[in-house]
Amino acid sequence: MVWWYVLLWALLKLVIAVGFILITALVLIYMLRKVMGHMQYRMGPRHHGPHGVFQTIFDALKLLGKENIIPKDVDKWPYLWAPVIVFVPSLTIFALLPFAENIVATNIDISLIFVFAILGLSTISLVMAGWGSNNKYALLGGLRSAAQMMSYEIPLILSTVGVVVMAGSMNLSGIVRAQQNIYYIVPQAAAFFIFMTSALAELNHTPFDIPEAESEIVAGFNIEYSGFRFAAFFLAEFVNLFIICALAALLFLGGWLPFTDPVYGTLFFLFKTYVLIFITMWIRSTFPRLRIDQFMNFGWKVLLPLSLVNIFITAAVVLIVDNIRGL
């Protein structure tokens, strides 16, 4: 009976995670349309139905109703598996995110490292989509995605080292508990800037949407996809947006603190996450796209050195404080 119980509990958590992911993606799609609709005065998202609600509904129905066309000369295995693999990191990472005190599906000591390791798998799916499509624009988009994610994943990870040094833990719940006196966004303001900027690049959001530059490569790696397969890439982008902003809320904004109650803690954590999501959408609605040379130079020549300087300064300050306390 024990193994049945374990199996049923694992399946229940999987169903809850998938349901939460799909609902979150739909909410964020609607939220993006509303934010961009008001900031850019777009008619459809503002006036189509009660406060523009029909725009998202009909777009979803139109997308799901389209035929799943497979071009003749594609490399079928990479082409067909890419939309499936793009969801693997999202499902795995959701199991590691603590929503409140003791409200986490899987709690391991190195959850932060594990999250970044899984997050890097999304690069594989984009390269597979570009390669498998047998289209030069799709291939360029896939290769740009790989270059972009590898370039900006380094400062993204390095920006969290200062937080780990201050908290003395790589466990996400432990990092949140270490912020009871002060949120790390105060002493780690530079790291927060690096993290959020690199996150925008990881998510392919404007001004860093180089892999999907319509004016250059006609939508990039997903150009040969239609119907539900295209929807899979679209939904994964919004799910990853929630994950990145949730990580930022845990690492820099104290997660569920100051509440320890599971209900209030979860609600406050979600509030912080959605505030960060709104800021990313604000940036997406405001700035123009960078050129690819500007984009790569900013990552390697600005964010990477800044993240290394932040690590050295944080380590020196923590060492000095520990020595003073030991006297």
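Remarks
- Flag if SER90 is polar (S, T, N, Q), crowded, with 18+ Cβ neighbours inside 10 Å and either at positive phi or at pLDDT below 80 (or both): yes
- Unique match (being more than 21 Å from the chain's Cα centre (by Cα), in contact (Cβ under 8 Å) with a residue 24 or more places away in the chain and within 25 Å of PHE238 (Cβ to Cβ)) among LEU156, LEU140, LEU172, LEU203: LEU140
- Taking each residue of segment 100-118 that is among the hydroxyl-bearing types (Ser, Thr, Tyr) and looking for partners that are assigned to a loop (DSSP other than H, G, I, E, B) with beta-carbon atoms closer than 6 Å, six or more apart or interchain, yields THR106/ALA95; THR106/LEU96; SER111/LEU96; SER111/ASN171.
- Apart from one condition, VAL53 fits all of (1) within 23 Å of the chain's Cα centre (by Cα); (2) within 30 Å of GLY265 (Cα to Cα); (3) without any contact (Cβ under 8 Å) to a residue 60 or more places away in the chain; (4) in a helix (DSSP H, G or I); the exception is (1).
- Candidate set: segment 170-190, residues that are within 20 Å of PHE269 (Cα to Cα) and small (Gly, Ala, Ser); chosen: the one surrounded by the fewest Cβ atoms within 10 Å (Cβ to Cβ): ALA189
- Test for THR206: is it in contact with a helix residue (DSSP H, G or I) (Cβ under 8 Å, 6 or more places away or on another chain), at pLDDT 85 or above and either within 30 Å of GLY141 (Cβ to Cβ) or crowded, with 21+ Cβ neighbours inside 10 Å (or both): no
- Count of segment 98-144 residues, restricted to those that are among the aliphatic types (A, V, I, L, M) and on the phi > 0 side of the Ramachandran plot, is 0.
- The set of residues in segment 249-297 that are in a helix (DSSP H, G or I), touching a residue at least 40 places away in the same chain (Cβ under 8 Å) and charged (D, E, K, R) contains only ARG284.
- Test: TYR225 is surrounded by 20 or more Cβ atoms within 10 Å (Cβ to Cβ) and farther than 18 Å from GLY120 by Cβ: yes
- For the residues ALA236, ALA249, the requirement of being farther than 19 Å from TYR152 by Cβ, small (Gly, Ala, Ser), in contact with a Ser or Thr (Cβ under 9 Å, 6 or more places away or on another chain) and crowded, with 21+ Cβ neighbours inside 10 Å singles out ALA249.
- Set GLY37, GLY44: member being surrounded by 13 or more Cβ atoms within 10 Å (Cβ to Cβ) and at pLDDT 75 or above: GLY37
- Counting the residues of segment 66-95 that are outside any helix (DSSP H, G or I), farther than 27 Å from THR24 by Cα and not β-branched (Val, Ile, Thr) gives 4.
- Counting residues in segment 229-239 that are modelled with pLDDT under 85, more than 25 Å from MET166 (Cα to Cα) and over 18 Å from the mean Cα position of the chain (by Cα) gives one or more.
- In segment 223-242 there is no residue matching the filter, namely being more than 30 Å from GLY65 (Cβ to Cβ) and either small (Gly, Ala, Ser) or without any contact (Cβ under 8 Å) to a residue 24 or more places away in the chain (or both).
- Checked against the criteria, LEU303 does not count as aliphatic (A, V, I, L, M), modelled with pLDDT under 85 and in contact with a helix residue (DSSP H, G or I) (Cβ under 9 Å, 6 or more places away or on another chain).
- Within segment 268-319, the set of residues being surrounded by fewer than 14 Cβ atoms within 10 Å (Cβ to Cβ), basic (Lys, Arg) and in contact with a Pro (Cβ under 6 Å, 6 or more places away or on another chain) is empty.
- Identity of the residue in segment 119-129, modelled with pLDDT of 80 or more and among the small types (Gly, Ala, Ser), that ends up nearest to PRO89 (Cα to Cα): SER125
The values are calculated or read from the model by the stated rules, or taken from the named source; none is laboratory data. Everything numeric in this text was worked out from a predicted model, so none of it was measured. Glycine gets a Cβ as well: all are built from the backbone with ideal geometry, and neighbour counts include every protein chain shown.
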